Amino acid sequence: MTRSVLALLDVRPAHTAMIAERYDVHRFDQIEDKSAFLDETGSKITAVVTSARVGMPVDLMDRLPNLEVITSFGVGYDLIDLEACRKRGVRVSTTPDILTDDVADTAIMLMHATMRQLIVGDDWARSGKWVKNGPMTLTRSIRDKKLGIVGLGRIGQAIASRAIPSGVEVGYFGRSPKAVDYTFFESLSALADWADILMLSCPGGDATKGIIDTQVLSALGSSGVLINIARGSVVDEAALIAALKGKVIAGAGLDVFDNEPNVDRTLAGFDNVVLYPHAASGTVETRDAMGQLVVDNLNAWDERGALITPII
Ligand code: 8YV
């Protein structure tokens, strides 16, 4: 009996095609009358393919009484209710590790671009301001600065190892101290007060929602910059905008936002903010590897009831 798979999106065309070759795939994002589809076919679905940004709505899971597994494209699982999955005996896989390098590279890129005002400099050279106004304003070196990392997981540690050769000192805040040579801070405010650059690489979800607030931004201070490659939900975006308006902090480099893809227009108006469209893992090489790992997890479940990279 061919397994029926519900794909909530096209993770990668080639990999969706691979899944369709082996399974009876239904592209939920392309079905007009979703409720009628679920009435008729919901009980046949035993696997779901989704992504970090689409997640798995619990009300949809309720319409899939025989769901066994969710294979997600991406490392974040803040949009998958793991407790609801556990209660239903549903297993979950993600695609960790293979995107760590590109995400860490993006974090370093945003850090340099923000500290050295790359976007301002590009405009200065491209627009003729250099001719009209002379040299661009001096920027800040990252050498000898303090990099405070919020969330020293795989990506956070990859960021640290990339930054140290550039002459930064690393400190971090997280659930607990790790066996690393970096300074652990007992509180986020203490880390922000110490840091020149506050780097967000923690998971999204309820536990980290809005933890970067007015108090933390004030602690980071007027020469401090914020870099976010975690989730938009981690930052109180209204507080960030107020801090940028009031020059409470010096700038920000952001890959993730509150209401993606609709970036707040005020945020987009600051020339000391570098914006990137949640593309930290967005390379052909990494997204192909992520797509393949989604396929491999699904096939492993189908063949032997096991997952390669399980979360639960
Ligand atoms: C997504 C991400 O994977 O992996 C994550 O958690 O946030 C991104 O890399 C990508 O945008 C596909 O949803």
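Condition test on Met115, is it over 25 Å from Cys202 (Cα atoms) and open to solvent by less than 20 Å² (accessible area, probe 1.4 Å)?
no
Could you check how many residues of the range 110-153 are hydrophobic (A, V, I, L, M, F, W, C), out of contact with any Leu (no Cβ under 6 Å at 6 or more places or on another chain) and in contact (Cβ under 8 Å) with a residue 24 or more places away in the chain?
Applying the first criterion (hydrophobic (A, V, I, L, M, F, W, C)) to the range 110-153 yields 110-111, 113, 115, 118-120, 124-125, 130-131, 136, 138, 142, 147, 149-150, 152.
From the residues that got through so far, the ones that are out of contact with any Leu (no Cβ under 6 Å at 6 or more places or on another chain) too are 110-111, 113, 115, 118-120, 124-125, 130-131, 136, 138, 142, 147, 149, 152.
Now drop any that are not in contact (Cβ under 8 Å) with a residue 24 or more places away in the chain, which leaves 110-111, 113, 115, 118-120, 142, 147, 149, 152.
Of the residues in the range 110-153, 11 are hydrophobic (A, V, I, L, M, F, W, C), out of contact with any Leu (no Cβ under 6 Å at 6 or more places or on another chain) and in contact (Cβ under 8 Å) with a residue 24 or more places away in the chain.
Mind checking whether some residue in the range 227-240 is at pLDDT 95 or above, closer than 28 Å to Thr137 by Cα, within 16 Å of the ligand (Cβ to nearest atom) and not in a loop (DSSP other than H, G, I, E, B)?
Yes, the range 227-240 has at least one match.
Are any residues in the range 270-290 over 17 Å from Asp105 (Cα atoms) and of a type in the set (Phe, Trp, Tyr), and if so, which ones?
Phe270 - this is the single residue of the range 270-290 that is over 17 Å from Asp105 (Cα atoms) and of a type in the set (Phe, Trp, Tyr).
Each row is one residue, and each column tells you yes or no for (1) part of a strand (DSSP E or B); (2) closer than 30 Å to Asp296 by Cα.
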| site | (1), (2) |
| --- | --- |
| Ala84 | no, yes |
| Ile98 | no, yes |
| Val103 | no, yes |
| Ile108 | no, no |
| Met111 | no, no |
| Lys132 | no, no |
| Leu138 | no, no |
| Arg143 | no, no |
| Ile149 | yes, no |
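Open to solvent by less than 20 Å² (accessible area, probe 1.4 Å) and free of Cβ contacts under 8 Å to residues at least 40 places away in the same chain: which single residue out of Thr2, Thr41, Thr50 fits that description? Quick ask: steps written out before the conclusion?
Values: Thr2 fails: open to solvent by less than 20 Å² (accessible area, probe 1.4 Å); Thr50 fails: free of Cβ contacts under 8 Å to residues at least 40 places away in the same chain.
Of the residues listed, the single one that is open to solvent by less than 20 Å² (accessible area, probe 1.4 Å) and free of Cβ contacts under 8 Å to residues at least 40 places away in the same chain is Thr41.
Restricting attention to the range 208-231, and to residues there that are out of contact with any Leu (no Cβ under 8 Å at 6 or more places or on another chain) and small (Gly, Ala, Ser), which single residue is nearest to Leu118 (Cα to Cα)?
Here the answer is Ser223.
So how many residues does the range 135-149 have that are open to solvent by 70 Å² or more (accessible area, probe 1.4 Å) and within 21 Å of Asp123 (Cβ to Cβ)? Give the steps one after another, and end with the answer.
So in the range 135-149, the residues open to solvent by 70 Å² or more (accessible area, probe 1.4 Å) come out as 135, 137-138, 140, 143-144.
Among the residues that remain, those that are also within 21 Å of Asp123 (Cβ to Cβ) are: 135, 137-138, 140.
The number of residues fulfilling the criteria is 4.
Quick one: in the range 246-277, of everything that is more than 16 Å from Thr114 (Cα to Cα) and not acidic (Asp, Glu), which residue is farthest from the ligand (Cβ to nearest atom)? Working first, answer last.
Quick first cut of the range 246-277, residues more than 16 Å from Thr114 (Cα to Cα) only: 246, 257-266.
Then drop every residue that is not not acidic (Asp, Glu), which leaves 246, 257, 259, 261-263, 265-266.
On the way: Gly246: 30, Phe257: 12, Asn259: 15, Pro261: 11, Asn262: 16, Val263: 15, Arg265: 22, Thr266: 24 Å.
Checking each candidate, the answer is Gly246.
Given the conditions (1) open to solvent by 20 Å² or more (accessible area, probe 1.4 Å); (2) under 21 Å from Asp97 (Cα atoms), which single one is not true for Asp62?
Failed condition: (2).
Could you check Trp124 against (1) in a helix (DSSP H, G or I); (2) within 16 Å of the ligand (Cβ to nearest atom); (3) in contact with a Phe, Trp or Tyr (Cβ under 8 Å, 6 or more places away or on another chain) and say which number it fails?
(2)
Taking the range 278-292 as the search range and keeping residues that are surrounded by fewer than 17 Cβ atoms within 10 Å (Cβ to Cβ) and within 16 Å of the chain's Cα centre (by Cα), which one is nearest to Leu118 (Cα to Cα)?
Ala279
Which residues, counting only those in the range 265-312, are more than 26 Å from Ile45 (Cβ to Cβ) and part of a loop (DSSP other than H, G, I, E, B)?
Within the range 265-312, Gly269, Phe270, Asp271, Asn272, Tyr276, Pro277, His278, Ala279, Ala280, Ser281, Gly282, Thr283 qualify.
Go through the range 1-81 and tell me which helices (runs of 4 or more DSSP H), entirely inside it, have 3 or more residues that are small (Gly, Ala, Ser). Steps first, answer last, please.
Details: elements: 13-22, 34-41, 58-61.
Qualifying helices (runs of 4 or more DSSP H): 13-22.
The values are calculated or read from the model by the stated rules, or taken from the named source; none is laboratory data. Fair warning: this is a prediction, and the values are worked out from it, not measured in the lab. Because the Cβ atoms are built from the backbone with ideal geometry, glycine has one as well, and the counts that use them run over all protein chains shown. Keep in mind that these areas ignore ligands, DNA and RNA; they rest on the heavy atoms of the full protein, side chains included. Shrake-Rupley method; radii C 1.70, N 1.55, O 1.52, S 1.80 Å.
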